[in-house]
Amino acid sequence: MSKNLRFKSSKQVDETYRISFKFNNKTYYGYKGDTLASALLANDIHLVGRSFKYHRPRGIMTAGSEEPNAIIQLHDNTSRTEPNVRATEIEIYEGLVASSQNCWPSVNFDIGGINNILSPILPAGFYYKTFMWPKSFWEKYEYFIRKSAGLGKSPKEADPDIYEHKYIHCDVLIIGAGISGIMAAKISAKNGLKTLLVDEKSFLGGSTIYDNSEFSKINNQITSSWLEKEINEISKLENLEIKTRTSVAAFHGYNFLLARENLTDHLPINQRENKIRHRLLKIRAKKVISATGAIERPLIFDNNDRPGILLSSAIKKYIDLYGVACGENNILFTNNDTAYETALSMVQRGIKVNAIIDNREEIDSKLSYEAEKNNIRIFKGYTVVDTYGYKRINGLSIMELSKDGQKVIGKKIRLSCDSLGVSGGWTPAVHLFTQSGGKLKFREDDQVFIPNKYPSDQLSIGSCNGDFSLEEITTNTVSSVKKFLNVNNTDYKTFEIITGINKSKRNIWLLPSDKILGKTKSFVDFQNDATAKDIKLALREGFRSIEHVKRYTTTGMGTDQGKLGNMHALGIISETAGTKMGEHGTTTFRPPYTPLTFGTIVGRNVGEFFDIIRRTPIHDWHVENNAKFENVGQWKRAWYYPKANENMHQAVQRESKAARDCAGILDASTLGKIDIQGTDASEFLNRVYTNAWSKLAIGKCRYGLMLNEDGMVYDDGVTTRLDENHYIMTTTTGGAANVLGKLEDYLQTEWPELDVYLSSVTDHYATISVCGPHSKKIVSKVIPDLDFSDEKFPHMSFKNTKIGQVKCRVMRISFTGEQSYEINIQSNYGKSVWEKCMEEGKDFNITPYGTETMHLLRAEKGFIIVGQDTDATMTPIDLQMDWIVSKKKYDFIGKRSLYRSDTIKDDRKQLVGLLTENPEEVLEEGAQIVADIKKSPIEMLGHVTSSYYSPNLNKSIALGVVKGGKKMIGQKLIIPMENKNINVTVADPVFLDKEGERLNAKL
Amino acid sequence: MFLINCPFCGEREQSEFKAGGEAHIERPKQPTELSDDEWAEFLFMRKNIKGVQFERWNHAHGCRKWFNIVRDTSNDQIKAVYKMGEKPPVK
Ligand SMILES: [Zn+2]
């Protein structure tokens, strides 16, 4: 490396602190303060990647978050590796390892580059057109397309880093700490407003902070020095919080914004341990000031994508901020004055400027005269028509523009260079503004979209508002911020501005060439390889809306969302279609402004914190006794309790048999419990359940079915009348919260006249259900004072009692069909009462059983589970539960719907039992049920909803829903499976003890 | 995410609330008197306006109270919040 591309005494870089890093397996050195891009450029490396479609060699193009090309794979280990990191943003640290992506086997020799040669047959929409036919072939194409597409590699292991979320509330949020953001922050904070200033970079001051030109002064001071003093002053202000390395990702309505604060990505790896990597800030700001700046436009000409071609402002930034030259023989190509600033920065550092190619025929600014004074050749009224060099630009040719700018004329001149800076003027960074719902307007003078209508209490200032000159920025910022914040006092009086820039610009969206368009590669979207030709093709094929053109050509659809080229796409569309800019709409910028990692988005909600976990008071016992758990909503419920080498089937068979032969015990604490009180409680239940409640005696329990207003089953459960005006309702585990919400809805909105109060008491009680022929003996021992005789304590009744000193409720209700008691006791006693039941039940072979056995036992009895045997399309009639629907009640929720023309149809799906021809064959839940497999297409009659092998009946049993099933008892149907057809007979859904004798069984 | 000014608790984040669909659709007092069509009108037919819409909301993770809001669905601006049973503001 003989070239001298690094200069001493730059603003950002600490030359006393050398850092080594690896890029594509080679070790390089940079300095503290360098970005990966500036460090690579200092090592004369431009080629960093391959383009997405044609695999063309690509280099660093910008010096900021708008970078389309220099996106790299960071870290080489499988847990931290991160794709699509912009080399222009990542600050280097000791041990950094990065590599190019989208190239194989290497960036210098890439097999996919064949696509570049094939490109005439890879126009826009190529994939859509070619691979969508015939349809059945897509599967085959997809494999190859996916293999060759894609940017980077995702990590393969869990992210080991720590992330967190934080809420921030402030009076004023200022996005962007360039000159206008700094001024706004000072005005805001000095007027006592709680202010937050954020910037995506590691330093404050934006591009003004390295504006050292003699031609740019504020109040007789070099602009950068003036701004430095301002920054110094605001950093001491008390009610101003400043966050650097913080990029706003999303600007939502109501001034709600998401920002990512990057805390450790710039630190050496060994200093990151136990530190939070990224913090997602959720900001609620009363007022928002956007000072997001502007992004320089590239120019669209043939082969404008070669490594070594950069934005002119990026070259200036690398020189002035990082002390790095992008080449030794530079050419600038511009349509406005800003490239001359870059030229003069080069001159100042002694870097050779070979020529400036300027679209404009007349140039009249101090800067241009200064350039001429320094003997820089300026080609006025010229354009670049082609560039040369495959992996790095080595030259270009230029031609004169015709008067109207539509053609090139005269002779081609060839010039040599190793770097080309382009400037197509500036595009206000309105991305966040449009995200928030803001509407833009088009300013003809300089062909820019600027904010027009603010959707919330917000303001755009500085260049993102179209104020590009130092004069406009300073003066307008002060006046508009004062007005916006409704304050009178500022430290800013008048500004004396000196600037070398003249505003003139010659805007040509697509520069003419001596070749026909079809032979050129003028890139508009560098990341997605969309060219001007592609856009024109889309228009020829009839696309008009910018949103359609964008999708067809993939312009603006990369990770950079087309920050550089979107304006040119719009320009080319309007020029070609002969319409006004913006007439076809502007594309919508969607969050995030720059990509966020999943880690940032999920924050601390990972692993066991992913969702709330609800555990019953008896949970620890289940764990100690080897229970397997299943998730029911947020609850962890004991699923089954395998012994020794039992598998799930064996455990469930054992548990199910024990529950019917001896005794079983179930933790039912998760069932929803709603305490209902008030003088109209009975009337309320009358209205929400399908059956009648007024006559339920105190101390009695009743099963209830709740419908939606459309007549479909919504929830079920047993409700107990505790007192005249006091009930306790149980709901399904999963339905508890929704049932409470629904009941509240009716009470508050439809029936406010009812005197009823609802409280959720689900977590207040532990519920222990003891069932089986020995259950009575066991609970009698647990609660010796209570009379458990059938006469005193019959089925479907309840008792208030005490276990020791602790009050509890015992309900005699059954979900298994066995004699069964449910003890409800204050949660914190749940585990000890459970253990007592186990102790007293030992002699009776009491067997803990989980949800799987519970499901099996209830299926033997044909009891439904709402949500398993029903799916919001089942009425009680469909479920053969006509018995629970009151004919006498005038009204209840859903009643009217039960005789709508649709709900009274005979051929609705109805719940039936299913018995397999082979009693050992257990059906698959969800399997389809058909009658005729020869018919094509086969008519689906229904599906299996519950299926088990019953150890108590010694055969397979199932429930299912079948069209017109009620009338099909005894009929044969078929369950077609992958390898066989299973014959079944439709049966009554109650398989066991239809008479209910077991409820009072005595052993 | 917008802010909703619960008439009982004050301004809170949208995530605390649950939307309850179009407001001012009263459940018929005598459903049995209605034809299938009339019942279907109550049961299924809802407006979906781009613009000013009257909506029911529930402060589900707060006071659990239901109330009404007037919201412009095109920009989520809430024009008014009022309790159940109160008269809606004039359009
Ligand atoms: Zn509330």
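The values are calculated or read from the model by the stated rules, or taken from the named source; none is laboratory data. Everything quoted here is computed from the prediction, not taken from an experiment. FYI the Cβ positions are ideal-geometry reconstructions off the backbone, even for glycines, and counts take in every protein chain you see. Please note that ligands, DNA and RNA were not included when accessible areas were found on the heavy atoms of the full protein model with its side chains. Shrake-Rupley method; radii C 1.70, N 1.55, O 1.52, S 1.80 Å.
Computed over every Cα-Cα pair of region A:307-424 and binned at 5 Å starting from 0, the pair-distance distribution P(r) comes out as 2, 12, 24, 24, 21, 11, 4, 1, 0 percent.
With a 1.4 Å probe rolled over the protein heavy atoms of all chains, the accessible area of A:Arg360, A:Arg414, B:Arg56, A:Arg590 falls in the order A:Arg414, A:Arg590, B:Arg56, A:Arg360, largest first.
Taking the protein heavy atoms of the protein assembly as shown in the context of the full set of protein chains, the accessible area attributed to carbon and sulfur is 51 percent at 1.4 Å. Only aspartates and glutamates eight or more places from A:Lys519 in sequence, or on another chain, were considered; those with a Cα closer than 13 Å are A:Asp302, A:Asp386, A:Asp534. Taking label positions 7 Å along the Cα-Cβ direction at both A:Arg900 and A:Asn25, the computed distance is 6.7 nm, reported to one decimal. Computed with a 1.4 Å probe on the full set of protein chains, the accessible area for A:Leu344 sits at about 30 Å². For A:Thr873, A:Thr945, the ranking by accessible surface with the largest value first comes to A:Thr873, A:Thr945, using a 1.4 Å probe. For the residues of A:743-753, the average number of beta carbons from a partner chain within 10 Å of their own beta carbon is 4.
Computed from point charges on the beta carbon alone (+1 for Lys and Arg, -1 for Asp and Glu), the dipole magnitude for region A:905-999 about its Cα centre is near 380 Debye.
Each residue of region A:315-331 was assigned a 3J(HN,Hα) from its phi angle through the Karplus expression (A = 6.51, B = -1.76, C = 1.60, θ = phi - 60°), giving 4, 4, 5, 4, 6, 6, 9, 9, x, 10, 8, 8, x, 9, 9, 9, 10 Hz with x at Gly and Pro. Listed by chain and number, the aspartates and glutamates placed with their C-alpha closer than 13 angstrom to that of A:Lys380 are A:Asp337, A:Asp358, A:Glu361, A:Glu362, A:Asp364, A:Glu372, A:Glu400; residues fewer than eight positions away on the same chain are left out. Using a cut-off of 18 Å between alpha-carbon atoms, which aspartates and glutamates can reach A:Lys673, once sequence neighbours fewer than 8 places away in the same chain are excluded? Here the aspartates and glutamates satisfying the reach criterion relative to A:Lys673 are A:Asp715, A:Asp716, A:Asp723, A:Glu744, A:Asp745, A:Asp763, A:Glu822.
Once the other residues with Cβ under 14 Å from the Cβ of A:Lys695 are scored (Lys, Arg +1; Asp, Glu -1), what is the net sum? Cβ neighbours under 14 Å give a net charge of +3.
From the Cα trace of region A:392-512, what convex hull volume per residue do you get, rounded to a whole Å³?
Roughly 169 Å³ of hull volume per residue.
Pairs of Cα atoms nearer than 8 Å and 6+ residues apart set the relative contact order; for chain A it is 9 percent. Comparing the full protein assembly with the isolated chain, the residues of region B:44-83 losing at least 30 square angstrom of accessible surface (1.4 Å probe) are B:Phe44, B:Arg56, B:Arg64, B:Trp66, B:Gln77. For the cross-link pairs A:Lys934/A:Lys966; A:Lys580/B:Lys50; A:Lys536/A:Lys563; A:Lys905/B:Lys50, the ones whose C-alpha atoms lie over 30 Å apart are A:Lys905/B:Lys50. For the protein assembly as shown, the solvent-accessible area of protein heavy atoms averages 43 Å² per residue (probe radius 1.4 Å; ligands and nucleic acids excluded). Ranking A:Pro451, A:Ser463, A:Gly410 by Cα position along the charge dipole of region A:340-484, where only Lys, Arg, Asp and Glu carry charges on their C-beta atoms, puts A:Gly410 farthest toward the positive end. About the centre of its Cα atoms, chain A shows a dipole size close to 1640 debye [charges on the beta carbon of Lys, Arg (+1) and Asp, Glu (-1) only; nearest 20 debye].
When you restrict to C-alpha pairs under 8 Å that are six or more residues apart and normalise by the size of region A:266-389, the relative contact order lands at 23 percent. Adding -39500 (n - 2.57) for every DSSP H run of four residues or longer, then dividing by how many residues chain A holds, sets the calculated 222 nm ellipticity at -6000 deg cm²/dmol. Taking every alpha-carbon pair in the protein assembly as shown and binning the separations at 20 Å intervals from zero gives 10, 31, 28, 22, 8, 0 percent.
Dipole size of region A:307-424 about its Cα centre, with +1 on Lys/Arg Cβ and -1 on Asp/Glu Cβ: approximately 360 debye, rounded to the nearest 20.
Surface calculation, 1.4 Å probe, protein heavy atoms: A:Cys808 sits at approximately 10 Å² accessible.
Of A:Lys11/A:Lys217; A:Lys194/B:Lys18; A:Lys628/A:Lys831; A:Lys695/B:Lys18, which sit over 26 Å apart, Cα to Cα?
A:Lys194/B:Lys18; A:Lys695/B:Lys18
Placing unit charges on the Cβ atoms of the charged side chains and taking the dipole of region A:905-999 about its Cα centre, the candidate lying farthest along the positive direction among A:Thr916, A:Met977, A:Ile933 is A:Ile933.
In the structure shown, the pairs A:Lys201/A:Lys317; A:Lys888/B:Lys83; A:Lys22/A:Lys352; A:Lys3/A:Lys32 are assessed against 25 Å; a Cα-Cα span above that value is assigned to A:Lys888/B:Lys83; A:Lys22/A:Lys352.
Using C-alpha pairs below 8 Å separated by at least 6 residues, the relative contact order for region A:672-857 is 20 percent.
Projecting the Cα atoms of A:Met838, A:Ser682, A:Ala294 onto the dipole axis of the protein assembly as shown, where Lys and Arg carry +1 and Asp and Glu carry -1 at the beta carbon, places A:Ala294 farthest toward the positive end. Among beta bridges identified by DSSP and lying wholly in the protein assembly as shown, the antiparallel ones come to about 75 percent.
Between chain B and chain A, roughly 2500 Å² of accessible surface gets buried, counting both sides and using a 1.4 Å probe.
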